[in-house]
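The values are calculated or read from the model by the stated rules, or taken from the named source; none is laboratory data. Everything quoted here is computed from the prediction, not taken from an experiment. As a convention, Cβ positions derive from the backbone with ideal geometry for all residues, glycine included, and neighbour counts pool all protein chains shown. The accessibility values were calculated without ligands, DNA or RNA, using every heavy atom of the protein model including side chains. Shrake-Rupley method; radii C 1.70, N 1.55, O 1.52, S 1.80 Å.
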Amino acid sequence: MIPYGRQDIDEEDIRAVTDALRSPLLTTGPRVEAFERAFAEAVGAEHAVALSSGTAALHAAVAAADVGPGTEVIVPSMTFAATANVVVYQGATPVFCDVLPGSLLIDPACVEAAVTPRTRAIVAVDFAGQPCDYAALQGIARRHGVTLIADACHSLGGSVRGRPVGVLADLTAFSFHPVKHITTGEGGMVTTADAAAAGRMRRFRHHGVDRDHRARADRASWYYEMVELGYNYRITDIQCALGLSQLRKLGRFIERRQEIAQRYDAAFQGTPGISPLEVGPDFTHAYHLYVVRVGGADSRLSRDELYRKLRAVEIYTNVHYIPVHLHPFYRDRFGTQPGACPVAERAFEQILTLPLFPSMTEDDVARVISSVSRFAQEAAT
Ligand SMILES: *Cc1c(COP(=O)(O)O)cnc(C)c1O
């Protein structure tokens, strides 16, 4: 069976975790800080704050942007529900934007049109691993005085004209879920150049308490103050030991992902009914996902049919994503309706995510290509 994504764990990772288990501090210890420093350096960011998940990272980022009741946050509809959910956690309203048909990245024109006096932030999602048009989005954010947040859960290792994902927005959130580029089991990170925002996010992950455990220990003091409502979004030293070890392999992981994507690109060029997403010339794509559109003028193939046929030969694909504004929760709570984001809704009917992960063998890649090509040829008109 070939899954659509899977972690890549080696003996070095396992040793790092067992070392952490033998150390005195299992959480809020030196491995958390070491992982934050190494991560900040890897993406060229000034500050990095590690949290217990990518969702916690996004939640901390919107809170640091002063998103609260009475405010709005612009999010793309073509994303995982967590991107919008964190806005709702803060008592604010997500405003769904449509995406560009070729790349499925948020459409800057739609963002511009969605800004109101209540807009507090824009969250851009680097769908599949390709960075958004941050030059255009920064322009809109500056003009209207709102915070630009990148949901970079797909794009660790990506860049725009040599500038890495992690420094392209005011706040950038990453996930270390096992299907993502590097894993800590569960985990997340926010990078920023804003020292005050980094301080707020550190407080946010620890109940809104203004000093961390180590600072108190250093001062031999039991005293602390809770200055705002926070959460327990801490990440453990066990997880950060794995993160540090995985981070050392990031370059290799990305190269392998790009290599597989290039093989898919070459194989599907001219295949009837199979159209990979468009990639812009200025972008280094991190290829978290390899998404194709299924069907078209020269094909009777439907996405659901291809999904079923691949599953029957033990190739497991997936669909990223059901447009968030179509979920019952958002329809009931915010009155969102079909037709609000026509490009995302149309794409949703056609998209399929093919297997892509660094430990795929050449045989795995060849098997995906030959099966997809065969089913596509059978349905050609
Ligand atoms: C994975 C993901 C998240 C959430 O990350 P978790 O670590 O699973 O909480 C948020 N947004 C996007 C686009 C993601 O892919």
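Condition check for G295 on (1) of a type outside the set (A, V, I, L, M); (2) touching a Ser or Thr at 6+ places or on another chain (Cβ under 7 Å); (3) open to solvent by 50 Å² or more (accessible area, probe 1.4 Å): one failure, at (3).
Yes/no per residue for (1) at pLDDT 95 or above; (2) open to solvent by less than 50 Å² (accessible area, probe 1.4 Å); (3) among the basic types (K, R):
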| residue | (1), (2), (3) |
| --- | --- |
| L247 | yes, yes, no |
| G251 | yes, yes, no |
| R256 | yes, yes, yes |
| E259 | yes, no, no |
| D265 | yes, no, no |
| F268 | yes, yes, no |
| G280 | no, yes, no |
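Of the helices (runs of 4 or more DSSP H) lying entirely inside region 293-381, those containing at least 1 residues that are under 19 Å from D265 (Cβ atoms) span 303-312, 342-350, 362-378. For region 45-77, which residues satisfy the criterion of being within 21 Å of A128 (Cα to Cα) and in contact with an Asp or Glu (Cβ under 7 Å, 6 or more places away or on another chain)? Matches in region 45-77: S53, L58, S77. Pairs meeting the criteria (first residue in region 38-55 and in contact (Cβ under 8 Å) with a residue 24 or more places away in the chain, second residue within 15 Å of the ligand (Cβ to nearest atom) and of a type in the set (K, R), beta carbons under 9 Å, at least 6 apart or on different chains) are V49/R205; A50/R205; A50/R234; L51/R205; L51/R234; S52/R205; S52/R234; G54/K180. Within this structure, Q258 fails the test of being touching a residue at least 12 places away in the same chain (Cβ under 8 Å) and within 26 Å of A81 (Cβ to Cβ). I want to confirm something. Restricting to region 225-247 and keeping residues that are farther than 17 Å from A50 by Cα and assigned to a loop (DSSP other than H, G, I, E, B), which single residue is farthest from the chain's Cα centre (by Cα)? My answer is E225. Out of the residues in region 39-53 that are more than 16 Å from the ligand (Cβ to nearest atom) and assigned to a helix (DSSP H, G or I), state the one that is most open to solvent (accessible area, probe 1.4 Å). Checking each candidate, the answer is E41.
Scanning region 186-203 for residues that are open to solvent by 10 Å² or more (accessible area, probe 1.4 Å) and within 16 Å of the ligand (Cβ to nearest atom) yields one hit, E186.
Scan region 306-341 for residues that are open to solvent by less than 60 Å² (accessible area, probe 1.4 Å) and closer than 22 Å to D364 by Cβ and the total you get is 8. Count of region 154-185 residues, restricted to those that are among the hydroxyl-bearing types (S, T, Y), within 15 Å of the ligand (Cβ to nearest atom) and open to solvent by 10 Å² or more (accessible area, probe 1.4 Å), is 1. Just one residue in the set A60, A56 is at pLDDT 95 or above, assigned to a helix (DSSP H, G or I), within 16 Å of the ligand (Cβ to nearest atom) and within 18 Å of G185 (Cβ to Cβ); that residue is A56. Annotation note: Cβ proximity below 6 Å between a residue of region 231-244 that is within 20 Å of H181 (Cβ to Cβ) and a residue that is open to solvent by 30 Å² or more (accessible area, probe 1.4 Å) and of a type in the set (K, R) (sequence gap 6+ or interchain) occurs for C240/R31; A241/R31. Looking at region 346-368, which of its residues are out of contact with any Phe, Trp or Tyr (no Cβ under 7 Å at 6 or more places or on another chain), in contact (Cβ under 8 Å) with a residue 60 or more places away in the chain and either over 15 Å from S77 (Cβ atoms) or among the acidic types (D, E) (or both)? F357, S359, M360, D364, V365, R367, V368 - these are the residues of region 346-368 that are out of contact with any Phe, Trp or Tyr (no Cβ under 7 Å at 6 or more places or on another chain), in contact (Cβ under 8 Å) with a residue 60 or more places away in the chain and either over 15 Å from S77 (Cβ atoms) or among the acidic types (D, E) (or both). Scan region 78-86 and tell me whether some residue there is more than 16 Å from the ligand (Cβ to nearest atom), in a helix (DSSP H, G or I), within 21 Å of Y134 (Cα to Cα) and in contact with a strand residue (DSSP E or B) (Cβ under 6 Å, 6 or more places away or on another chain). No, because not a single residue in region 78-86 is more than 16 Å from the ligand (Cβ to nearest atom), in a helix (DSSP H, G or I), within 21 Å of Y134 (Cα to Cα) and in contact with a strand residue (DSSP E or B) (Cβ under 6 Å, 6 or more places away or on another chain).
Among the residues of region 281-292, those identified as out of contact with any helix residue (DSSP H, G or I) (no Cβ under 7 Å at 6 or more places or on another chain) and part of a loop (DSSP other than H, G, I, E, B) are P281, D282.
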